[in-house]
Structures are given as structure tokens and as C-alpha cells.
Amino acid sequence: MTRRCLSDISGPFYDPAKPFRNWSSLPFYQLDLPQMPFVDQPQLAQGLARAGAYLERIQAQGYTGIVIDNLPHLVGFETAPVEIYPGNSPYRLRAMIYRQAFGPLFADAVQRGMEVFVTTDMQWSTPPVRRFARRMTAHNPRLAEINRWAVEELFTLLPQVRGVIVRVGETGGAHNQGQRYMGHMLYTTADSLRRLIATLLPVCEAYDRLLIIRTWSIGIGELGDLLWSPTRYGATFADYTSPHLLVSIKHGPSDFFRHLPHNPTLGLPGPAQIVEMQNRREYELFGMVPSSIGELHQSVLQHASATNRQFAGVWAWNGTGGWGGGRAALGSEGWSLWTELNSALTAALVHNPDLDTSAFVYRWCDEHFGEPFGAAVADLYRDSTQVIAQAWYPGRLTHGKRTLGSIYLPPLLWIWWMRPTASLVIWAYLATAIEDRETLLREDAAASECLAGHAERLARLAPVADARAAGVVESAYYFCDLLNVARQIRALMLRMFAAAWSARHADWSAVIAETPGVRQVIAQHQAAWSGNADLPPLEVEEIATFLRSLERHPKMFWARTRLACMLVDRLQTRQHRGRQRHPGRMIAMAVLVFMLFYEDRPRAGIAGAVASLLFIPPLRQRAVRLLLPWLNRRFNLLPSIFFEAGPAVTEWTA
């Protein structure tokens, strides 16, 4: 069976001169205009030119199709039997502009023998859609009509589109474009998702198109474990036999991390499966530094090929995912050198999972740079696998359960994208989950030393006046500095919480005395890279603020670290006994526990009373939305990035 090899095509459409932050899809937030002409036409034209060149490049690499965002921006309800958008509606006119612009790109892809897929979140909406639907509920028949009309129009007016890819497990919140284009977490049960499939699949069958359902879910609702639970997956998909239905799964049971087993839903009965991979590694610095996927993707593809007769191919992400990063992640064509190499290697592995990856990498680097610099680039790229695994991840988390509620815990908890966390709960967990802290810290130092050697070698061998080679050298030095900061932060926090777990106050006090030195390392890192739009510094405000407060109030933070350890122990015990906790109740318990040791007793009483509202379901969402960000700043409960990225925090406590 010929396996698909799909790539996203969002990177070429970014304008690095405009602010960008959220990489979750093609940057419509840069392109859309609220007034006439409703779309930034110069940026769109520039993006299309780059996308055409990108299309040629990925076809040469071996890709067989593209995935582009998104359905709401391509549908004007011009073929619907009722009026959703009036003729002068900006939503209708904007959709017409995008269809006219993307049509030639899609035709070019088809002419090359490549497929085109369009993504959509379910449920999406615009103000006119919400007015027509009246109720944003999963079982609303008017909403089902809207979804059916939208997909019919997509296939009618853009006949090059081969199918639609649907995500239901992470929508809304930071993915919204204000009130104009919004997402709603409606399909949170197996029954509601199957109803959605029953709405869309007949349309795809009638038009001979494909419906691809993503299993990506992040712990919300009954389907919160659809990503990794064989039981949930079977209950949702096992009895489907239509050749027009496929399922898209991530290669592991969590997001695009290392140190994870293969996704346990791979190869289960039901529709054919596409496996999602990421070449621009969002959790490993966004392609601004080398992050080889050779071993990781080869292992995934060999496993999928050997165990899954319905393995239908891969969807590789070259520009999608995450919050953060700089212009070096984009390059001049929508991807960096490191992402381009990852992309080429992934495509080659799809066609030959037993490929000699080392030979491929050296050949690729020699073609792009020549000797001897190309060999030095290849050596850095190959060693980046071990450097990332040792110096960025905190080892394999071996203690306790790997799941918390419906979430399969990721192995990279200390930093989210580019923001090191000061969450007391996360550091308390890491301190007990890491089996051999001293070995980990020694490996950190060894990995940093290895990387420094690569940077110095590259600097010696770089061709004079070669801008691309100079960018590689700068990337290597940037990587060195990031890892040094990471090593200092992790060493301090892990030793501090290890002392808290064992109630050794003297050890804890000795570690606290080292905080000024760590703060100085952080300040030097910021000074070195703060003016660099291509390679920005880590987002260290959260951890730096925590360290300053720690120096001012050491006794209070000793009590809080001890309480965080007690809370983690309690949660792990309940998990071991099979007793699950609702996220909202877990947050409430954490807040109330920390309130007991708050230095301002009157405020503690007020905030504690407010926190108790989290236990009352009708009041939980409102209380969380209004007060949890403030409580989090006071007590360092959760990573601050949680309040910026992904679905609204209220979805977690619904």
C-alpha cells in the first residue's frame, strides 16, 4: 500500500515583521482585516509565492500532499439553502478572497500528483453562525446543518480538496480570533463525536472525499484520554468500516515529546490510521537549534510498519504547533535549516523505514554546505539527539503513574515551550519522579560540554561571508547558552525540592543561598539575547520572580514547598488506588492547602472562601476564570503559560 506523506504548509504565510506567537495554524490573525479589503493582500500574495516554492521543495523531498488551515476561512455559505452570511458580509467576502487565492496553489499541488486536505476545529463559529445556530450544543440539529453545508461547499467550490481533517479535543481559548472566529469544546463524549461523524461522513462519501478525525485530546471530558486509551479508542472507532474515514493519531501517548512509548492505540481495529509527527520541534526550541528526529521517527515508522496493517502514512508538521520562538524558526521560506533537514529525513524514512539515517544526513549537509563545514553541521545535528535528551529533558520519569486523570503526563514538565516554570506542584513531582538526580546533573554538564565543542568547531570551519553558515554558528552558540541556563535552573530547583521531600531544612537553606548566582546567570542570558528577534532569550520572568520572592521569604517558601510535596504525594496515592480527581477539585484542594500557610491571614480567609467555590460545579467556571490567574501568581500553582495557551482554563474545570 502506498503510504501518504503529508506536510502542513502554514510557515510560508507568516510575516516575520508582524507580531507572531501562536503557531497552531496558518496565521489568519496576521492576514485578516476587520474592514475592507478584509484580507492583507500583499502579505497573502507574498505567502503564496513562498508556498509555491515550498510545495516544490517538499515534493522533491518525497511528500505526497499538503494540509492547510482552515474550513471557517474558506466557507461563505454561498451554496447553503438559507442565508447565513449576507452578500456583503465580511465573512463571505473574506472566504471568497481566500478561495480565489488558494485555488491556484491547490491546482498546482494536484497537477504534481499531490493531495490537498483542509483542517477544521469542531465546533467553529462566527457571529452569524452563532445567531443561526441559537445554541452551541453538540446535539443541536441546526449546528449539524451548518457543518454539513460547510463541507459540501468546500468540496463544491474547491474541488481540488481531497478531504477534511477534524480536531475536537483542543479548541477555543487562545486559538480564537476574538469573537470573529471562535472554537467551542462541544464534542467531549464518544456519543457526540460519533454524531458528528454521522453528519460529516455521508457528505464525504457522496463526494468521494476523505474524513480524517484526529484523536488529539488534552484531558477534557470523556474523550480526554482518546489520544492514548485503547478502551476509549475502541468504543469510539472500532466498528467503522467506511474507506472514506481515517483516524489521525500522534506517534506517542502525549504530545511531540521524546522518552515516550509508542501510542498504544496504533494498529487497533477500525479505520486506517495516519500518524502525526513534528519536524519543527515546538518543545525543543522551534527549529531555532538542531533537534534531530532521526532515531525518534525511524523507531516510530519501523514500529508502525511492522504492527499496523492499516498504517496509511504520516502527517509531518514543518511549521505548526506551540507558543513562542523567534524569526529563525521561519527562515526566508517558512522553515529553518534544521526543520528542512528534519523534513527531508522524515520523508525519506516514510518511504524506507530502514534507511541509513547517518549517511543521509552527511550527504544532505555536504550538498548544502560542502566539506569540511558540512560534516561539522552533520555531526552537530546527529549529536543533538543525545544533547536534547540529556540536557533539556529531566530524564525518564520512572516513579508513580504516568497518567493523571485523563492526561498522559509529558516527560518535559519543567519548561513549556520557552518558559521555565516556577510551579511548586510540578517541581515537587519532578523531584520525586527523577530517579537519580546527581547522574542527571552530571549528564547535563557533559551534554553542555559536547555542544560547546561543536560550536567552537563550527566557528573555526565556517566559510567566510556565508550568511547561512554564520546562522548555523550563531544557532550553536545560542543553544549552548540556553542549555547553561536550563542546567542552572534545574539543578537549583531539584535540589531544593529534594530537601523539601526529605524534610532536610539545612540542605534546603544551603540551596537557597545559591539563588543569587542563578539569577545572575539568567540576567546574563537575557542581556545577551534580548535584542535578537531571530533567537530570543528564554521567557524567564516567571522563574526570576519566583527566585526573588524565595530570597525575601525563605521561611514561607519552605512551608509551601513542603505542602507541594504533601499534595503531590496525596494525588499520587489516590491515583495508585484508582481514584480520579476532577481538575477543578484538584485546583481547589491545592489553593485551600496553600491558603493555610499564607502570610496575610485576612486575605487568606477571603481567598480561601473564594477557592471553596471551585467545589461547587455551577460556580466553578466563573470563579476559575476570574480568580485563578491571581491565585496562581500568589501561590505558583501552575505554569503561567497555561493562562495564555490552548483552550480557556474554564474548559478544564467545566
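The values are calculated or read from the model by the stated rules, or taken from the named source; none is laboratory data. This structure is a prediction, so every number in the text was calculated from the model and none was measured. So basically every Cβ, Gly included, is an ideal-geometry build from the backbone, and we count neighbours across all protein chains shown.
Tabulated values for the structure
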{"read-out": "Of the criteria (1) part of a loop (DSSP other than H, G, I, E, B); (2) without any contact (Cβ under 8 Å) to a residue 60 or more places away in the chain; (3) more than 30 Å from E367 (Cβ to Cβ), which one G113 fails", "value": "(3)"}
{"read-out": "Selected residue (only one of R162, R195, R180 is under 18 Å from A144 (Cα atoms) and of a type in the set (D, E, K, R))", "value": "R195"}
{"read-out": "Residue within the stretch 497-507 that is without any contact (Cβ under 8 Å) to a residue 24 or more places away in the chain and hydroxyl-bearing (S, T, Y) present", "value": "yes"}
{"read-out": "Residue in the stretch 186-195 that is of a type in the set (D, E), modelled with pLDDT under 95 and under 19 Å from T137 (Cα atoms) present", "value": "no"}
{"read-out": "Inter-residue pairs, beta-carbon under 8 Å, first over 23 Å from I249 (Cβ atoms) and basic (K, R) and in the stretch 307-328, second assigned to a loop (DSSP other than H, G, I, E, B) and modelled with pLDDT under 95, 6+ apart", "value": "R327/P16"}
{"read-out": "Residue list for the stretch 69-103, filter: more than 16 Å from D32 (Cα to Cα) and touching a helix residue (DSSP H, G or I) at 6+ places or on another chain (Cβ under 8 Å)", "value": "F77, E78, T79, A80, P81, V82, I84, Y85, P86"}
{"read-out": "Residues of the stretch 17-52 classified as part of a loop (DSSP other than H, G, I, E, B) and surrounded by 17 or more Cβ atoms within 10 Å (Cβ to Cβ), total", "value": "7"}
{"read-out": "Candidates T120, T171, T156, T126, filtered to the one that is buried (at least 19 other Cβ atoms within 10 Å of the Cβ), under 30 Å from R57 (Cα atoms), touching a residue at least 40 places away in the same chain (Cβ under 8 Å) and polar (S, T, N, Q)", "value": "T120"}
{"read-out": "All positions within the stretch 61-90 that are in contact (Cβ under 8 Å) with a residue 60 or more places away in the chain, out of contact with any Asp or Glu (no Cβ under 8 Å at 6 or more places or on another chain) and either more than 30 Å from G313 (Cα to Cα) or aliphatic (A, V, I, L, M) (or both)", "value": "L71, L74, P81, I84"}
{"read-out": "Per-region count, the stretch 304-335, residues out of contact with any strand residue (DSSP E or B) (no Cβ under 6 Å at 6 or more places or on another chain), among the polar types (S, T, N, Q) and under 16 Å from D15 (Cα atoms)", "value": "1"}
{"read-out": "Subset of the stretch 24-57 (residues that are at pLDDT below 95 and touching an Asp or Glu at 6+ places or on another chain (Cβ under 8 Å))", "value": "S25"}
{"read-out": "Entirely in the stretch 232-317, the strands (runs of 3 or more DSSP E) that have 3 or more residues that are at pLDDT 95 or above and over 28 Å from V203 (Cβ atoms)", "value": "none"}
{"read-out": "Selected residue (only one of A513, A533 is surrounded by fewer than 14 Cβ atoms within 10 Å (Cβ to Cβ), small (G, A, S) and within 23 Å of V425 (Cα to Cα))", "value": "A513"}
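Each row is one residue, and each column tells you yes or no for (1) closer than 30 Å to P27 by Cβ; (2) surrounded by fewer than 18 Cβ atoms within 10 Å (Cβ to Cβ); (3) of a type in the set (K, R).
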{"site": "S305", "(1), (2), (3)": "no, yes, no"}
{"site": "G319", "(1), (2), (3)": "yes, no, no"}
{"site": "S332", "(1), (2), (3)": "yes, yes, no"}
{"site": "S336", "(1), (2), (3)": "yes, no, no"}
{"site": "T339", "(1), (2), (3)": "yes, no, no"}
{"site": "D366", "(1), (2), (3)": "no, yes, no"}
{"site": "G370", "(1), (2), (3)": "no, yes, no"}
{"site": "Q390", "(1), (2), (3)": "no, no, no"}
{"site": "Y393", "(1), (2), (3)": "yes, no, no"}
